[in-house]
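One structure is given here, and the rest of the page talks about it.
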Amino acid sequence: MRKQMWILALAAVMGMNLLTGCSQAEKQAETTTAKQTEAKQDAGTEEKEKETSEAEKVYDSPEMILRYAEVNAEKDERAQASLQFADLIKERTNGRIEIQVFPGAQLGDNKQVFQNLQLGAIDMTNSVPAQYKTMGLDIPYVKVLGIPFLFRDEDHAVKVMHGEFGEQLKSDVTAKSGKVVILDYFVAGARSFFANKPINTIEDFKGLKIRVQQDEVYMDMVKAFGGSPTPMATSELYSALQTGVVDGAENPVKGYYNNKYYEVSPYYAYSRHMIEPTAITISELTWNRLSEEEKEIFRSTAAEVTAEFQKTIREKEAVQIEELKAAGVEMIELKDYDKWVEAAKPLEEKYGAGFEDIIKKIRDTE
């Protein structure tokens, strides 16, 4: 009997020890698991802190410097938009990317700049799609953008360029050139004629020597109105007007005002013959150097700058017109506007041939 009791007592002690051992093992396992979880959390926190640190890193000096060519003078609204874009990109990349803007055609005229853009010798510029063929990029249908009186007004042009037509052009420019990327579009106002004598009717225009860009549509247009087209660089225009080499030229109000052409050519006739969309353009070689995040920054910033430009240009134009009048400029509304529209129709037939459906879509855009 004693033996049996002794055996039972021994079994009870062993059982208690076993339970104690299990409890200690479980506690140890729980401790190990907790430490592993804590370690993972710490590692995750460190990784997030590292990512945040990289995103918020401020660069003492830029790692990438880009050259932005601008043919307009620095005080021009388009050049100011380019400078604003550069400032925002530097801010939004925390100083990693710096864009140096060269206004006043320092890096060449439109054609030279666009050709260098395709070679990657220049990183960015404001390009005029209607002139792409002249500048070496053959996308036939863009010529319709140069047809006189294509757009009803600036709002219409903005809607077209930010709609189906503009998106298709972005795609085609990249696909067909393999060298250029369009970020966004803006419209710098309607172009009109100015001269050293009043232009009230199309008869007054006949025989005038008119400076135009080196582009066949512009030259054909001046001929259609009865003038004599004289191609020359923008940098030569003021002196050419001053010395009588040309009798006049054409520009939006902002260009006429900012370049002080009114000092030597005090008659501005509202022909509003052309509204010319412009594109913020980047070399594809440069584009491919950017990360996906940086590309999105460039796109969103371009959209923001172009939208603000459209507001600014209207506000400033109203002020500029009043100042031009105060300076003695005669701002003339044409007496026979319909005759100018009629005279330009052969250009639509010539440059719009085969693209009648595109022209209709543009004109039908509301």
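The values are calculated or read from the model by the stated rules, or taken from the named source; none is laboratory data. Since the model is a prediction, treat every value here as computed from it, not as a measurement. Here the Cβ positions follow ideal geometry from the backbone for every residue, glycine too, while neighbour counts run over all protein chains shown. With ligands, DNA and RNA removed, areas are computed over all heavy atoms of the protein, side chains included. Shrake-Rupley method; radii C 1.70, N 1.55, O 1.52, S 1.80 Å.
Quick check on Glu63: is it at pLDDT below 95 and either crowded, with 17+ Cβ neighbours inside 10 Å or under 17 Å from the mean Cα position of the chain (by Cα) (or both)? Criteria not met by Glu63. Number of residues in region 196-212 that are of a type in the set (A, V, I, L, M, F, W, C), in contact with a Ser or Thr (Cβ under 8 Å, 6 or more places away or on another chain) and surrounded by fewer than 23 Cβ atoms within 10 Å (Cβ to Cβ): the value is 2.
Counting only residues that are open to solvent by 40 Å² or more (accessible area, probe 1.4 Å), closer than 29 Å to Ala81 by Cβ and part of a helix (DSSP H, G or I), how many does region 322-338 have? Of the residues in that region, 4 qualify. Evaluated against (1) open to solvent by 10 Å² or more (accessible area, probe 1.4 Å); (2) under 30 Å from Met219 (Cβ atoms); (3) β-branched (Val, Ile, Thr), Val319 falls short on exactly one condition, (2).
Name the single residue, out of those in region 339-356 being part of a helix (DSSP H, G or I) and within 18 Å of Gly227 (Cα to Cα), that is most open to solvent (accessible area, probe 1.4 Å).
My answer is Lys339.
Within region 323-359, the residues that satisfy the criterion of being closer than 19 Å to Met274 by Cβ and among the charged types (D, E, K, R) are Glu333, Asp336, Asp338, Lys339, Glu342, Lys345, Glu348, Glu349, Lys350.
For Gln310, the conditions (1) closer than 18 Å to Val212 by Cβ; (2) open to solvent by 20 Å² or more (accessible area, probe 1.4 Å) all hold with the exception of (1). Beta carbons closer than 7 Å, at least 6 apart along the sequence or on distinct chains, pair a first residue in region 343-359 that is more than 16 Å from Glu216 (Cα to Cα) with a second that is assigned to a helix (DSSP H, G or I) for Ala343/Ile202; Ala343/Ala224; Phe355/Tyr141; Phe355/Val144; Ile358/Tyr141; Ile358/Val144; Ile359/Val144. Listed by position, the helices (runs of 4 or more DSSP H) contained in region 213-277 that have at least 1 residues being open to solvent by 10 Å² or more (accessible area, probe 1.4 Å), out of contact with any Ser or Thr (no Cβ under 8 Å at 6 or more places or on another chain) and of a type in the set (Phe, Trp, Tyr) are 234-243, 253-258. Scanning region 105-152 for residues that are in contact with a helix residue (DSSP H, G or I) (Cβ under 6 Å, 6 or more places away or on another chain) and of a type in the set (Ser, Thr, Tyr), we see that the one that is farthest from Ala175 (Cα to Cα) is Thr125. Filtering region 66-91 to residues that are buried (at least 22 other Cβ atoms within 10 Å of the Cβ) and of a type in the set (A, V, I, L, M) leaves Ala69, Val71, Ala81, Ile89. Where residues in region 98-153 are hydrophobic (A, V, I, L, M, F, W, C) and on the phi > 0 side of the Ramachandran plot, which of them is farthest from the chain's Cα centre (by Cα)? In this case the residue turns out to be Phe149.
With of a type outside the set (D, E, K, R) and in contact with a Gly (Cβ under 6 Å, 6 or more places away or on another chain) as the only criterion, which of Phe194, Phe149 stands out?
Values: Phe149 fails: in contact with a Gly (Cβ under 6 Å, 6 or more places away or on another chain).
Result: Phe194 is the single residue among Phe194, Phe149 that is of a type outside the set (D, E, K, R) and in contact with a Gly (Cβ under 6 Å, 6 or more places away or on another chain).
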